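S.K.: I'd like to ask you about the structure that follows.
The values are calculated or read from the model by the stated rules, or taken from the named source; none is laboratory data. Nothing here was measured: the structure is a model prediction, and the numbers come from that model. Counting neighbours? That spans all protein chains shown, and the Cβs are built from the backbone with ideal geometry, glycine included. Accessible surface is based on the protein model in full, side chains and every heavy atom, while ligands, DNA and RNA are left aside. Shrake-Rupley method; radii C 1.70, N 1.55, O 1.52, S 1.80 Å.
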Amino acid sequence: MPGFARRLIVALLSCALAAPAGVVPARAQTADLPALGDVTADDLSPANERRLGEQIMLQARRDPAYLPDPDTFDYLNALGFRLVAASPARFSDFEFFAMRDPMLNAFALPGGFIGVHSGLVLGAVNESELASVLAHEIGHVEQRHIARMLAKQREGSFIAIGALLLALLAARSGSSSSGDLTQAAIMAGQAVAVQQQLNFSREAEREADRVGFQILLGAGFDPAGMASFFTRLQQGTRVYESAAPEYLRTHPLTVERLSDIQNRAREAHVRQRPDSIDFHLVRARLRVLQDDSPQGLRDSALHFRSQIESGSAASVAGAYYGLALASSMLNEHAAALDAAAKARRSSQAPSPMLDKLVSQTMFAAARDEAGRAEAVRLAREAASRYPLSRLTALHYADLLQRSDKHEELVAYLRDQLAVSRSDPRLYELLARSYERLGHRTLQHQATAELYLLLGATPGAIDQLQLARRANDADFYTMSEVEARLRQLNQQLREARGQLARDGRAPPDEDKRGRN
């Protein structure tokens, strides 16, 4: 079991008793779905479920497998929200993110966070197959399966908590085998608790299939993609029964489920939908990023050259894109620029990913200021052409900073942050430019916001205290610093007071919150 998945199971099981209950009105079941029961007051409320998901995501973003790639993020969220728009439930709080993992898998977290392994994108034969998996995970969220699971697992929660206590005792024993005992205790508790959920999980999978199928159909994708994806998984499992795909281990597939999906696909009679250019580009990108070691990059470049020379590439633009990206990461800048230009010429449709790659390789290959200025101009045009694209905004900001255009960058980033304040990379770039400009108060203020988005409130308070001591900004900025510092100190005191009341930490463990 991968490290993040292991920690996730522990978090979900141990939070079942601790999470506050909220009264949630029962919701009508989607037509022709198995009855799993209503959402009751024993479940997590939607607000608490979202907060639990945000806490898990703080851990997920620290995991080495988390892939903070804006190009992949933009693509997955554009695809995901096209599916969400076709959902009758209209649950709007979704975030789709990538994990660098060759295993073919995807998973839904509490509160609408959906993780996608890079191996799943590479394993999808077409975009409808990938969309079918995302639609299935959206179905889990829309039907609030995690809240239902927690409501049904009271006994499982006690088992998991007991296992964690046993693990704590083993870790404190000081024996040479305490590490093995700790791991064994945690895994044993997880295995029993998860097994108790299995029957419910199979029913939940059937429900997610049917909701996902309706979403897939409503979004204009080929519903046969869901049938072909699961059929291929099942056939692969027959050959390699001892090494079933991760997706089948986390999403149990039965004959009844597969037959139901196949029958629904046959009855739909929908024309096959052509793949988008971005689907081919993101597959090439993830092939490169999945193994970005020097040898891995050389292998990827060789793979794309072979595809181009043999004419076997599903997308010529995608193959040139992958070659350009691998060459760029190998510092072969002239080859990268040539492949990027060919990728854009080969494409039948515009794409922010292509525009970014051309500008990126041009900047790296430029031999003088004029060449770099042209690359910045192209990045600026792309950011203007795609105003909602995170990847073009971050790329343009990065080139401005690398060109020492810090005043221009600060103005641009302040406009971006007026629209969205949720991307820590924007604050990281802003803090760096403030540092270059010698604005220490503003530098520490931006760094504080960066730390907050990463879940490090004490570090944010430290940065605001440094900002206050620097005292080199105008009256309004210093007032903002003081107000934010009071707010965070109050939040920290309340959080530590609650921990003390719960018996989990002494109230004066750390004096930072009293300053």
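S.K.: Could you please put 120, 454, 323 in sequence from largest to smallest accessible area, using a 1.4 Å probe? Walk me through the numbers on the way to the answer.
M.R.: Working: 120 0, 454 75, 323 20 Å².
Correct descending sequence by accessible area is 454, 323, 120.
S.K.: Keeping the other protein chains in place, figure out the carbon and sulfur percent of the accessible area of segment 361-481, with a 1.4 Å probe. Walk me through the intermediate numbers first.
M.R.: Details: 3000 of 6090 Å².
After summing per-atom areas, the C and S share lands at 49 percent.
S.K.: Can I ask one more? Quick one: dipole size for segment 374-460, taken about the Cα centre, charges +1 on Lys/Arg Cβ and -1 on Asp/Glu Cβ, in debye to the nearest 20.
M.R.: Computed charge dipole of segment 374-460: roughly 60 debye.
S.K.: Turning to a different aspect of this structure: With every protein chain in place, what's the accessible area of residue 291 (1.4 Å probe, Å², nearest 10)?
M.R.: Answer for residue 291: close to 80 Å² accessible.
S.K.: Can you compute the FRET efficiency between residue 407 and residue 456 using 1/(1 + (r/R0)^6), with r the Cβ-Cβ distance and R0 = 22 Å? Round to the nearest 0.05.
M.R.: 0.15
S.K.: Between segment 301-360 and segment 105-139, what is the separation of their alpha carbon centroids in Å?
M.R.: 25 Å
S.K.: Over all pairs of distinct alpha carbons, what does the Kirkwood formula give as the hydrodynamic radius of segment 349-388, in Å?
M.R.: On the way: mean 1/r = 0.0983 Å⁻¹.
By the Kirkwood definition, the hydrodynamic radius is 10.2 Å.
S.K.: Working out 0.36 nm times the residue gap between residue 369 and residue 384, then minus their Cα-Cα distance, what length gain in nm do you get to one decimal?
M.R.: Working: separation 15, 0.36 × 15 = 5.40 nm, distance 2.24 nm.
Extra length from residue 369 to residue 384 when fully extended: 3.2 nm.
S.K.: Which value, in Å², gives the accessible area per residue of segment 322-450 when a 1.4 Å probe is used on the protein heavy atoms?
M.R.: Values: 6020 Å² over 129 residues.
Result: 47 Å² per residue.
S.K.: Oh, and also: Using a 1.4 Å probe on the protein heavy atoms only, what accessible surface does residue 260 show? Give it in Å² to the nearest 10.
M.R.: Accessible surface of residue 260 is approximately 40 Å².
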